[in-house]
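Every read-out reported here was derived from the displayed coordinates using simple, explicitly stated rules and does not represent laboratory data. Quick caveat: nothing in here was measured; it's all calculated off a predicted structure. Note that we place each Cβ from the backbone using ideal geometry, even for glycine, and neighbour counts take in every protein chain shown.
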Amino acid sequence: MGKLTVYLKKYRKECILGPIFKFLEAIFELLLPTIMALMINRGVDRRDEGYVLRLGGVMVLMALLGYGCAFICQYFAARASQGFGTDLRNAVFERILSLSFSQSDRFGASTLTNRITNDINQLQLFVAMMIRLMIRAPFICIGSILMSFFLDWHLALILLAATPVLALIIWFITKRTAPLYRSYQKKLDAVGSVLRENLSGVRVIRAFAKTKQETERFRTSNDSLTDNGLAIGRISSLFNPLTSMAVNLVIVVILWEGNIRMHVGNLSQGQIIAFINYANQILLALLVVSNLIIIITKSMASAARINEIMDLQPDMPSPASGPEGSADAPAAEFRDVSFGYHETGERALENITVTIARGETIGIIGGTGSGKSTFVSLLPRFYDATAGTVLIDGIPVGQYPLEKLRAKIGIVPQHALLFTGSIADNIRWGCADAEEEAVRKAARIAQAAEFIEKLPEGYDSPVDRGGANFSGGQRQRLTIARALVSDPEILILDDASSALDFLTDSKLRSAIRENSSTQTVLLVSQRVGIVRGADRIFVFDDGKIVGCGTHRALMESCPTYREICLSQMTEEEAAK
């Protein structure tokens, strides 16, 4: 937790003044039993109504002052905790976005979501409770014992003797619940993961009639979380009865001993009542302490999870500046490049050496899992090569600032994802300051203008979350327009036309060729019809390029390519 206190620096005033006002409230609360004892001893016993009213007025005034102090403390606690949570959440979000794909993959979306929401909410509560109660609760316990010494030191020793017993109860509960809270957070991640999968794949689940199986999978994960929560509840539920029993036994002993001392004239009724009030104050303070311990235990687990992210340095450093590429160099080059994902340890690419000229259209084809998408992901540096060098314009990609590198490349991923806003806003993701004409031009090239202009609001038409109000083909065309609007030097279409009909796909590829003769285009697909017209075709198989050439040359020289072609068309169609 100490590492995260840096986000409280802006709220020093609140963190200092809040506890001070809470301390003043505690002082007023501690004085009330003693004033009550004076009222009983000197006012009630002597039937002195004036004295009773005067002290009663003092008690009302102290209660009002205590309320005012508590209100101010609450205000400062809210400002500090909410501000701390906001700043920390922004910092964690920024750190998550700075992580490489491999680092994000290692955590997973569900646990990152839980950490930036549930864990930070827990830390916000921790800050608020620390300001409001961290000083008050211990001070009430210690202050009650000290005030009791002023009344009668013999009975005060009884309260003092009970302190180790109460501390032992607190230690026992804390030791048992701390590991359970850490386990609870992990199981909450597991529930979030299952929930995320089911919500994103609800159509597939229904299409394959797997509702019962997925419901059972969620129930199993949820039941495990419930069992963990019940275990925490069972142990935590012991605190109240144990502390209540201990404090009530103390009260019984105080009444027993107090009665003896009253008979010999060493103690008054008011003092007995004050002792009982102090014992009850200790009890209430201990209940607060129990809640604080639970909050602290949960917060420590949450802080460890947040620190795990904040301590993680991006493994893909980006230089502040880099050399300019050479216009005479190839658009892209792979020199003996190999790559393996950390999760599996297996090589997804192995010893890739190719050169891609400027303005060249490259078709990339191969079976599922052959390494096609991994190959193009190394160009914008979504991942760093395990071995070898990837170059853009003759410069290794690691020497470019990431923003500058990715400005050279327009990429359309396999999964067409749109964001909430308008159609124009989504297209401008590719270039924030794009003029309206540039947006319309990109839409025309992507074959999206025909359906956009039929909409009542045209380019201002709203886009629901994820583009749910558009068909799969429409979403793909909008994502292609998003990549084209910045007129990138290299355009990567990673199976980007799988939802398009053959006519629209043909028009799209023709429009891209006509738009810029200098633009380098990489077409990744499993459909031969999409890549056969490319200047060259790279054939991938098991992470290696097993063929490189034109369609006609590969039909004669590459058995893998020939097999793919004949699986999709007849011999006569493939020979055309």
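Once you list every other residue whose beta carbon is under 11 Å from the beta carbon of S370, what net charge do they have if Lys and Arg are +1 and Asp and Glu are -1?
Details: positive: K372, K544; negative: D541, D542.
The answer is 0.
Treating cross-link reach as a plain straight distance, find the lysines whose alpha-carbon is under 25 Å from the alpha-carbon of K408, omitting any fewer than eight places away in the same chain.
K372, K441, K507
Given only helices, namely DSSP H runs of n ≥ 4 each adding -39500 (n - 2.57), what is the per-residue ellipticity at 222 nm of the chain, to the nearest 500 deg cm²/dmol?
-20000 deg cm²/dmol
So for the chain: antiparallel DSSP bridges make up what percent, rounded to the nearest 5?
Values: 20 of 38 bridges.
Percentage antiparallel, nearest 5: 55.
Could you please report the charge total around L88, scoring K, R as +1 and D, E as -1 over all other residues with beta-carbon less than 13 angstrom from its beta-carbon?
Value of the local net charge: +4.
Report, in whole Å, the centroid distance computed from the Cα atoms of region 57-120 and region 490-568.
Result: 51 Å between the Cα centres.
May I ask for the longest run of the chain untouched by GluC sites (Glu not before Pro) that are loop-located per DSSP and have at most 16 neighbouring C-beta atoms (other than their own) within 10 Å? Walk me through the numbers on the way to the answer.
Details: sites that count: E324, E343, E346, E435, E453, E457.
That would be 1-323.
To make sure I understand the rule: partners must be aspartates and glutamates, Cα under 12 Å from the Cα of K187, and not fewer than 8 residues away in the same chain. Which ones qualify?
K187 reaches D223, D227.
Could you work out how far helix 49-98 tilts from the main Cα principal axis of the chain, as a 0 to 90 degree angle to the nearest 10?
Between helix and principal axis, roughly 20 degrees.
Taking Cα extents along the principal axes in Å straight from the coordinates, which label in (1) 98, 56, 47; (2) 119, 47, 45; (3) 86, 66, 39 is the correct one?
Entry (2).
Can you tell me how region 455-547 classifies by the Cα gyration tensor, rounded, prolate or oblate, using a/c under 1.5 as the rounded cut?
In terms of gyration-tensor shape, prolate.
Name the chymotrypsin sites (Phe, Trp or Tyr not before Pro) in region 163-224 that are in a loop by DSSP and that have at most 14 other C-beta atoms within 10 Å, would you? Provide the component values of the computation, followed by the final result.
Numbers: sites: W171, F172, Y181, Y184, F208, F218; in loops: F208.
Answer by residue number: F208.
Does anyone have the angle between helix 472-484 and the longest principal axis of the chain? Alpha-carbon axes, 0 to 90°, nearest 10?
Between helix and principal axis, roughly 80 degrees.
I need the peptides 288-301, 409-422 ranked by packing, meaning the mean over residues of other C-beta atoms within 10 angstrom, with the highest value on top.
Details: 288-301: 19.9, 409-422: 17.4.
Per-residue mean Cβ counts within 10 Å order the peptides as 288-301, 409-422.
If I fit a long axis through the Cα atoms of helix 153-200 and take the longest principal axis of the Cα atoms of the chain, what angle between them do I get, 0 to 90°, rounded to 10?
20 degrees
Per residue, how much space in cubic angstrom lies within the convex hull of the C-alpha atoms of region 334-453?
Working: hull volume 18.6 nm³, N = 120.
Spelled out: Cα convex hull of region 334-453, divided by residues, is 155 Å³.
Treating only the Cβ of Lys, Arg, Asp and Glu as charged (+1, +1, -1, -1), what charge dipole size does the chain show about its Cα centre? Round to the nearest 20 debye.
That gives the chain a dipole magnitude of about 1940 debye.
Going through the cross-link list K22/K175; K404/K544; K186/K210; K3/K175; K13/K404, which pairs have a Cα-Cα distance over 31 Å in this structure?
K13/K404
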